[in-house]
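Note sheet for the following structure.
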Amino acid sequence: MKTKALAAIAVILLLLPACTRPPDAVETEPPVTSTPQQVEPETTPAPVPEEPQWTTEDLNAMALTLSGECYDDKVEDKRLVCEVILNRVSDGRFGATIIEVLSAENQFSGYWEQSRPVSENDLAVAEQALRDWYDNGCEPLSSYLFFCAGENRENKFS
C-alpha cells in the first residue's frame, strides 16, 4: 500500500507545473514547445502623480485671504473670491502672480487682516480653485474681476 501511495505522489509531482515542482524533480524528456512568441511589453506607463504647479505660499495666501473676506460657512462665496484672484492673474492688469494680486494696495483687505482663523475648508477651496485654474491653462474661471460686501453675509461679484 505504501509503495502505491509513493508512486501516486511521484506521478502527481511530475504532472505539476514546473514552478511548483520540488527542486529535486527532474523531467525525463524536454517539453514540446511551439514556435516561441514574443511578448510585447506594456506600452502605457503607469500614471505618475503630478506635483502641484502652485506654491505653498500661493495656496496659503489665498486661504488667508478667504479667512478675511468670507464667512467660513459660505463655501460658494469662497470659491468665487478665489476665482476673482485667479482671474486677475490671468487678466494681467492686476499683477503677474497670485501674491502680487493679493498684496496690491487697497485690493484684498482680507489678505492683510483676517476676521477668523484659516480653516481646513479655506485650504480645500483654495486648492481646488488652483487645480481647476491650472487644468484650464491658467485661463479665467469666470468673468468675475471684482467683489464687494453684500447682504446675507455674502459678497457681490462683478
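Please treat every number below as a calculation from the coordinates, not as lab data. From a predicted model like this one, the values you see are computed outputs, not experimental measurements. All Cβ positions, even for glycine, are placed from backbone atoms using ideal geometry, and neighbour counts span all protein chains on display.
Some values worked out for this structure:
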quantity	calculated
Nitroxide proxy distance, nm - points 7 Å out along Cα→Cβ at C148 and T55	3.3 nm
Rounded if a/c under 1.5, otherwise prolate or oblate - the range 55-141, Cα gyration tensor axes	oblate
Highest average packing first - 134-141, 118-125, 75-82, Cβ atoms within 10 Å	75-82, 118-125, 134-141
